[in-house]
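The structure appears right after this line, and notes come after that.
Read-outs throughout are calculated quantities, based only on the coordinates presented, and are distinct from any laboratory measurement. Bear in mind that the values here come from a model prediction, so they are computed numbers and not experimental data. Cβ placement follows ideal geometry from the backbone for every residue including glycine, while neighbour counts extend to all protein chains displayed.
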Amino acid sequence: MEIEDVRNYDDLCKKVRDCYEEYDPDYETYLWIGSNGHGINGAPYHIRDILADHDLIDSKLSGLLFALRFA
């Protein structure tokens, strides 16, 4: 994900919020699972590990949004 064309602090906060709200760990995990039910393209072998990675991204986006709002 990328955040481009940030004009000011409020714009940055809005774009980070949009990224957070649009991020779906389950869908992102699905993208990295092959037809054999395991990770592809360098993703971890086990689905739970792929999901854990995407849950962590979701959590980090939430933390960033919180930090920006209350900075």
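Worth pointing out:
- Nearest-0.05 FRET efficiency for Asp55 and Ile33, computed from C-beta distance (R0 25 Å): 0.95
- Angle in degrees between helix 47-69 and the longest Cα principal axis of the chain, rounded to the nearest 10: 0 degrees
- Among Asp26, Asp58, Asp11, the largest mean-square fluctuation in a Gaussian network model of the chain, built with springs joining Cα atoms closer than 10 Å, belongs to Asp11.
- Computed from label points 7 Å out along Cα-Cβ, the spacing between Asp24 and Glu2 is 2.3 nm.
- When the stretch 9-69 is reduced to its Cα atoms, the Kirkwood hydrodynamic radius in Å: 12.5 Å
- Under DSSP loop assignment and at most 14 Cβ neighbours within 10 Å, longest chymotrypsin sites (Phe, Trp or Tyr not before Pro)-free interval of the chain: 1-44
- Net length gained if the chain between Arg17 and Ala71 were fully extended (0.36 nm per residue, minus Cα distance): 18.0 nm
- Across the chain, C-alpha contacts under 8 Å between residues 6 or more apart give a mean separation that, scaled by the residue count, equals a relative contact order of 33 percent.
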